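Asks: Pasting a structure here, questions to come.
The values are calculated or read from the model by the stated rules, or taken from the named source; none is laboratory data. On a predicted model such as this, the values are computed, not experimentally measured, just so you know. Methodologically, a virtual Cβ is constructed for each residue, glycine included, from the backbone with ideal geometry; neighbour enumeration extends over all protein chains shown. The area values use the complete protein model at the heavy-atom level, side chains included, leaving out ligands, DNA and RNA. Shrake-Rupley method; radii C 1.70, N 1.55, O 1.52, S 1.80 Å.
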Amino acid sequence: MSTDDNAPVLRPHGEARPGYSLDIRLWKVTKVNRKARPYQLRWVVGGKVSSATFATSALAENRSSELRQAMRRGEAFEIASGQPESEVRAAAKAAKASEEEPPLRWFELCRKYVAGRWRTSAAKTREGMADGLAAVTLAMV
(Lines give C-alpha, C1' and ligand atoms only; values in the text may rest on other atoms or scores of the structure.)
Protein backbone atom coordinates (compact mmCIF):
# COMPACT_ATOMS: atom_id res chain seq x y z
CA MET A 1 0.00 0.00 0.00
CA SER A 2 1.10 3.55 -0.67
CA THR A 3 1.49 6.10 2.11
CA ASP A 4 1.37 9.13 -0.22
CA ASP A 5 -2.12 10.69 -0.24
CA ASN A 6 -1.88 11.71 -3.91
CA ALA A 7 -0.90 8.26 -5.20
CA PRO A 8 -3.70 5.90 -6.19
CA VAL A 9 -4.28 3.02 -3.84
CA LEU A 10 -3.37 -0.23 -5.53
CA ARG A 11 -5.72 -3.12 -4.85
CA PRO A 12 -5.36 -6.78 -5.65
CA HIS A 13 -7.14 -7.79 -8.86
CA GLY A 14 -10.83 -8.43 -8.27
CA GLU A 15 -11.23 -6.41 -5.05
CA ALA A 16 -12.87 -3.03 -4.54
CA ARG A 17 -13.37 -0.67 -1.62
CA PRO A 18 -16.55 -0.98 0.43
CA GLY A 19 -19.43 0.68 -1.43
CA TYR A 20 -17.77 0.00 -4.78
CA SER A 21 -17.98 -3.01 -7.07
CA LEU A 22 -16.13 -4.48 -10.01
CA ASP A 23 -19.24 -6.45 -11.02
CA ILE A 24 -20.48 -4.24 -13.88
CA ARG A 25 -22.70 -5.19 -16.80
CA LEU A 26 -23.52 -2.67 -19.51
CA TRP A 27 -26.67 -3.03 -21.60
CA LYS A 28 -27.17 -1.65 -25.08
CA VAL A 29 -28.79 1.70 -25.81
CA THR A 30 -32.55 1.42 -26.23
CA LYS A 31 -35.17 3.81 -27.55
CA VAL A 32 -38.04 4.49 -25.16
CA ASN A 33 -41.40 6.10 -25.90
CA ARG A 34 -40.90 9.69 -24.79
CA LYS A 35 -40.37 12.90 -26.70
CA ALA A 36 -37.63 14.44 -24.59
CA ARG A 37 -34.47 12.34 -24.30
CA PRO A 38 -35.78 9.13 -25.89
CA TYR A 39 -32.51 7.13 -25.76
CA GLN A 40 -31.81 5.19 -22.59
CA LEU A 41 -28.58 3.55 -21.43
CA ARG A 42 -28.80 1.05 -18.58
CA TRP A 43 -26.09 -0.75 -16.62
CA VAL A 44 -25.85 -2.87 -13.47
CA VAL A 45 -23.30 -2.26 -10.71
CA GLY A 46 -23.19 -4.84 -7.95
CA GLY A 47 -26.79 -5.88 -8.59
CA LYS A 48 -28.19 -2.32 -8.65
CA VAL A 49 -29.54 -1.03 -11.98
CA SER A 50 -28.49 2.47 -13.04
CA SER A 51 -29.73 4.36 -16.08
CA ALA A 52 -29.34 7.60 -17.97
CA THR A 53 -31.41 9.15 -20.76
CA PHE A 54 -30.10 11.17 -23.69
CA ALA A 55 -31.47 13.37 -26.46
CA THR A 56 -29.61 11.57 -29.26
CA SER A 57 -28.31 8.08 -29.82
CA ALA A 58 -24.81 9.49 -30.39
CA LEU A 59 -24.77 10.98 -26.88
CA ALA A 60 -25.95 7.69 -25.42
CA GLU A 61 -23.29 5.72 -27.32
CA ASN A 62 -20.63 8.19 -26.20
CA ARG A 63 -21.56 7.67 -22.55
CA SER A 64 -21.61 3.92 -23.11
CA SER A 65 -18.10 4.16 -24.53
CA GLU A 66 -16.91 6.16 -21.50
CA LEU A 67 -18.28 3.51 -19.15
CA ARG A 68 -16.68 0.70 -21.19
CA GLN A 69 -13.32 2.46 -21.07
CA ALA A 70 -13.57 2.78 -17.29
CA MET A 71 -14.38 -0.94 -17.11
CA ARG A 72 -11.34 -1.77 -19.28
CA ARG A 73 -9.09 0.31 -17.02
CA GLY A 74 -10.27 -1.84 -14.12
CA GLU A 75 -11.99 0.97 -12.25
CA ALA A 76 -14.45 0.09 -9.54
CA PHE A 77 -17.92 1.64 -9.84
CA GLU A 78 -19.82 3.14 -6.91
CA ILE A 79 -22.87 0.99 -6.21
CA ALA A 80 -25.10 3.83 -4.99
CA SER A 81 -24.64 6.14 -8.00
CA GLY A 82 -23.43 3.67 -10.62
CA GLN A 83 -20.56 5.99 -11.60
CA PRO A 84 -16.88 5.07 -12.06
CA GLU A 85 -14.60 5.81 -9.13
CA SER A 86 -12.69 8.49 -11.06
CA GLU A 87 -15.90 10.44 -11.77
CA VAL A 88 -16.99 10.19 -8.13
CA ARG A 89 -13.60 11.54 -7.01
CA ALA A 90 -13.70 14.35 -9.61
CA ALA A 91 -17.20 15.39 -8.47
CA ALA A 92 -16.12 15.40 -4.82
CA LYS A 93 -13.05 17.47 -5.68
CA ALA A 94 -15.17 19.99 -7.63
CA ALA A 95 -17.65 20.26 -4.75
CA LYS A 96 -14.82 20.84 -2.30
CA ALA A 97 -13.27 23.51 -4.57
CA SER A 98 -16.60 25.34 -4.89
CA GLU A 99 -16.97 25.37 -1.10
CA GLU A 100 -13.47 26.79 -0.65
CA GLU A 101 -13.72 29.69 -3.08
CA PRO A 102 -14.91 32.89 -1.40
CA PRO A 103 -18.45 33.97 -2.16
CA LEU A 104 -18.83 36.66 -4.81
CA ARG A 105 -19.72 40.06 -3.38
CA TRP A 106 -22.65 41.99 -4.85
CA PHE A 107 -20.56 44.74 -6.43
CA GLU A 108 -18.21 42.20 -8.04
CA LEU A 109 -21.19 40.24 -9.38
CA CYS A 110 -22.69 43.40 -10.90
CA ARG A 111 -19.38 44.37 -12.50
CA LYS A 112 -18.94 40.91 -14.07
CA TYR A 113 -22.53 40.88 -15.32
CA VAL A 114 -22.27 44.32 -16.91
CA ALA A 115 -18.80 43.65 -18.36
CA GLY A 116 -20.09 40.53 -20.10
CA ARG A 117 -23.06 42.24 -21.70
CA TRP A 118 -22.04 45.88 -22.15
CA ARG A 119 -20.22 45.71 -25.51
CA THR A 120 -22.99 43.88 -27.35
CA SER A 121 -25.92 45.79 -25.84
CA ALA A 122 -27.74 48.73 -27.37
CA ALA A 123 -27.78 52.11 -25.59
CA LYS A 124 -31.32 51.71 -24.22
CA THR A 125 -30.49 48.20 -22.99
CA ARG A 126 -27.42 49.56 -21.20
CA GLU A 127 -29.53 52.25 -19.59
CA GLY A 128 -32.13 49.70 -18.45
CA MET A 129 -29.42 47.40 -17.13
CA ALA A 130 -27.86 50.20 -15.08
CA ASP A 131 -31.27 51.34 -13.73
CA GLY A 132 -32.26 47.81 -12.80
CA LEU A 133 -29.01 47.08 -10.98
CA ALA A 134 -29.18 50.43 -9.18
CA ALA A 135 -32.73 49.73 -7.99
CA VAL A 136 -31.84 46.25 -6.76
CA THR A 137 -28.70 47.55 -5.06
CA LEU A 138 -30.72 50.18 -3.16
CA ALA A 139 -33.24 47.52 -2.12
CA MET A 140 -30.45 45.28 -0.83
CA VAL A 141 -28.81 48.07 1.17
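Asks: Express the relative contact order of the chain as a whole percentage, based on alpha carbon pairs under 8 Å and six or more residues apart in sequence.
Replies: The value is 16 percent.
Asks: Relative to the present Cα-Cα distance, how much length would full extension add between E101 and R126 at 0.36 nm per residue of separation?
Replies: On the way: separation 25, 0.36 × 25 = 9.00 nm, distance 3.02 nm.
Stretched fully, the E101-R126 segment lengthens by 6.0 nm.
Asks: Between region 14-60 and region 65-141, how many Å separate their Cα centres?
Replies: A separation of 27 Å, based on Cα centres.
Asks: Would you mind telling me the share, in percent, of accessible area of the chain contributed by carbon and sulfur at probe 1.4 angstrom?
Replies: 55 percent
Asks: While we're looking at this one, here's another question. For region 101-111, just list the computed ³J(HN,Hα) in residue order, Karplus coefficients 6.51, -1.76 and 1.60, θ = phi - 60°, integers in Hz, with x standing in for Gly and Pro.
Replies: Values, residue by residue: 6, x, x, 6, 7, 4, 5, 5, 4, 4, 5 Hz.
Asks: Distance in nm between label sites at K48 and S86, each 7 Å beyond Cα in the beta-carbon direction?
Replies: 2.2 nm
Asks: Suppose we take every Cα in the chain and form the convex hull; what volume per residue is that in Å³?
Replies: Roughly 222 Å³ of hull volume per residue.
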